[in-house]
Amino acid sequence: MPGRNGPSASLFAMNTVPHSSGTRIVRLSLIFMLLVLATFLSVEGWRAWRDYQQAYASAQDSVINLARATAQHAEDAIRQVDVLTDALRERIEGDGLGSLDRTRIHNLMKQQAQIIPHLHGLFLYDADGRWLVTDKDGVPEGANNADRDYFEYHRTHSDRRVRIGAVVSSRSTHELIIPVSRRLNNPDGSFAGVLLGTIRVSYFVDYYGDFRIDDRGALVLALRDGTILVRRPFSQDVIGTSLTQSEIFKRYLPHSSEGVAEVKAVVDGTTRLYGYRALASYPLVVEAGLSRDSYVGPWWRDLVKTGLVLAVMVACLSGFGLIVLGQIRQRVTIDEQLRLAHQRVREMALTDSLTGLGNRRRLDAELAVQIAHAGRQQAPLALIMLDVDYFKRFNDQYGHAAGDDCLRRVAEAIAGALQKPTDLAVRYGGEEFTVLLPDTDARGAAQVAKAVLAAIRSLNITHQASPHGRVTASAGIAARQPSSPLGAEGLIKAADTQLYLAKESGRDNYTGWPYPAPAFGGNQ
C-alpha cells in the first residue's frame, strides 16, 4: 500500500548499500589476487623467454666459433699441401720429367711427409698415370692412377691451380684420403702429368673428435658442390654423399658465405642450429651444428621444474586466496546480518506493532527531514491529524480486542487512501493517526483527508455508541507554505487545533489551516 511504501523503500535502500559494498570488497580482493597471479606469471614467463633467448644466443656463439675454428683448421691443412705441391711443381717442371732425379725428389717428398703430420703422401704421375715418384719406400707394381677423377680433370683442363677432390681410398695404404692435386706441364704447355698430395681423413676425424659438443651434434667438411669429405659423427657410408638438397646449400650459401641457420639435416633428419662458413681461399664449406635438444633441452627441463614450483606456489597462493576470500565473504555475511538485525531493530523502533504503520518516532524523524527539504526546495508541506470518533465508547462496548482490530482496519484504510510513495501514515498514539504529505499544499491535503475519511466510513464497522452508527474519524489539516517559518512542533500543534475544531463541528469531518475552516468542512 502507498502509505507503507515509505518505510519499506527506506529499509531496502539502507540494506543495498552495505551489500554492494561487501560485494565490491570481495570483487576487489579477487581482482587483486588475480592481478598478483597475472603479474607473477608474467614475470616468470618473461624470465623463461629471456632464458630461452640467452640459451639460443649462447648456442649461436658456440656454432659460429666452431665453424670458424674448423674452417681455419681446414684452410691451414690444405694451404700447407698447396704450398708444398706448388714448390715441388716448380722444381719438377724446371728439371723436366725426362731428366728427373727420382732419388732426390723421393727423399724430398719423404722429408716433407714426415714434417707435415696430416699429410698421407706425395705422388708424381706421368702423362699416362704411371707412378714416377712417391714418398713411399715402394711403388705397387703396375700402379696407375689414370682412372682417378682428379687425373682426368687435369688431363683435360689447363688450370694450374690446386684442385681438391672427393675422398678416395688410397691404393697404397687403403686409407681414406682427400686428394690435393696440381697439373704438370711440359715446356710447350702440353700435359705432362699430375702432382698429388693426399690428406688423411682420419686427421680431421680426430680433430673434430676433440670438440665437446652434444652426442647429436655434427661437424661437416664438404666441397663447395656439396660433396661430404668429413663428418662427425663419422660414418664411411656418409662420405661422398651430397648436401646440395640441404637448406644451407639451397637457401643460405647462395646469399651469404657465412651465417647461422636452424635446419633439419638431410643426412640423419636431426634439427640442429648450424654455423656455416665457406672458405675464401678454397672451394670448401664447413658446418658446425648443435642439436636443438642440446640448448633447448636444459632450458625446457628448467622450465618444467620452474613450472612445477610455480604451479605449487600458484596452488598455495590460490588456496590462501580462497581462504581469505572465504573469510571476507564470511565477514561480509556477518556484517550484513548485523546490518539487517540493526535495521530490523530500527524498523521495530520506528513501527507501531499493532497497526504496522510508522510510530511517533518515525514521524518526528521524517517531519524534520521534510521540513528541511521543503525549506531548501521552496516546496509546500501538509500534515493531517486524525482521531477515531468515540473510540473510548467502542472499547467499552466491544472490548479491547475488538478495539485493536478496529484500529488495525482503520490504519489499513488510511494507508490505502494515500496516493504517493512519499506520503507517510503513522499511529500518533491511542486512536490518533497522522499523515505527512510532502510536496502537498492545503487543497491537496484536503483531497487526501476527504479520501481517508471516506475509506474509514467504507469499512462499515458497526459502532452503536456513535451517533453515526459506524466507526468514523475526524481530521485536522495544517499546511506549511514555502515561505512559512512554521517548524515541526508548530505544524503538529496547528493540525491538532484543526482536529479539535473538526470534532467541535460534529465529527466525521475535517477542517484546515491556514484557510478558514468552512472552506474545508463537511463530510462529503
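The values are calculated or read from the model by the stated rules, or taken from the named source; none is laboratory data. Model, not experiment: these values are computed from the prediction. Ideal geometry is used to build each Cβ from the backbone, glycine not excepted, and the neighbour counts take in all protein chains shown. Just the protein is used for accessible areas: all its heavy atoms, side chains included, with ligands, DNA and RNA removed. Shrake-Rupley method; radii C 1.70, N 1.55, O 1.52, S 1.80 Å.
Restricting to the stretch 186-201, name every residue that is open to solvent by less than 50 Å² (accessible area, probe 1.4 Å) and under 19 Å from residue 81 (Cα atoms). Hits for the stretch 186-201 are 193, 194, 195, 196, 197, 198, 199, 201. Annotation for the stretch 161-168: at least one member residue is open to solvent by less than 40 Å² (accessible area, probe 1.4 Å), without any contact (Cβ under 8 Å) to a residue 24 or more places away in the chain and either basic (Lys, Arg) or part of a strand (DSSP E or B) (or both).
Residues in the stretch 230-273 that are out of contact with any strand residue (DSSP E or B) (no Cβ under 7 Å at 6 or more places or on another chain) and of a type in the set (Lys, Arg) were compared, and the one that is nearest to residue 175 (Cα to Cα) is 250.
For the stretch 33-52, indicate whether the set of residues that are at positive phi, open to solvent by less than 80 Å² (accessible area, probe 1.4 Å) and touching a residue at least 40 places away in the same chain (Cβ under 8 Å) is non-empty. Within the stretch 33-52, not a single residue is at positive phi, open to solvent by less than 80 Å² (accessible area, probe 1.4 Å) and touching a residue at least 40 places away in the same chain (Cβ under 8 Å). The test for being out of contact with any Leu (no Cβ under 7 Å at 6 or more places or on another chain), among the β-branched types (Val, Ile, Thr) and open to solvent by less than 20 Å² (accessible area, probe 1.4 Å) does not hold for residue 286.
At pLDDT below 95, among the charged types (D, E, K, R) and either open to solvent by less than 60 Å² (accessible area, probe 1.4 Å) or part of a loop (DSSP other than H, G, I, E, B) (or both): is that true of residue 216 in this structure? Here the answer is yes, as residue 216 does meet what is asked. The listed residues are 320, 394, and the only one of them that is under 30 Å from residue 469 (Cβ atoms) and either in contact with a strand residue (DSSP E or B) (Cβ under 8 Å, 6 or more places away or on another chain) or at pLDDT below 95 (or both) turns out to be 394.
Residues that are out of contact with any strand residue (DSSP E or B) (no Cβ under 8 Å at 6 or more places or on another chain) and either part of a helix (DSSP H, G or I) or open to solvent by 60 Å² or more (accessible area, probe 1.4 Å) (or both) within the stretch 87-106 comprise 87, 90, 91, 94, 95, 98, 99, 101, 103, 104, listed in sequence order.
Checking 384, 414 one by one, the residue that is in a helix (DSSP H, G or I) and buried (at least 19 other Cβ atoms within 10 Å of the Cβ) is 414 and no other.
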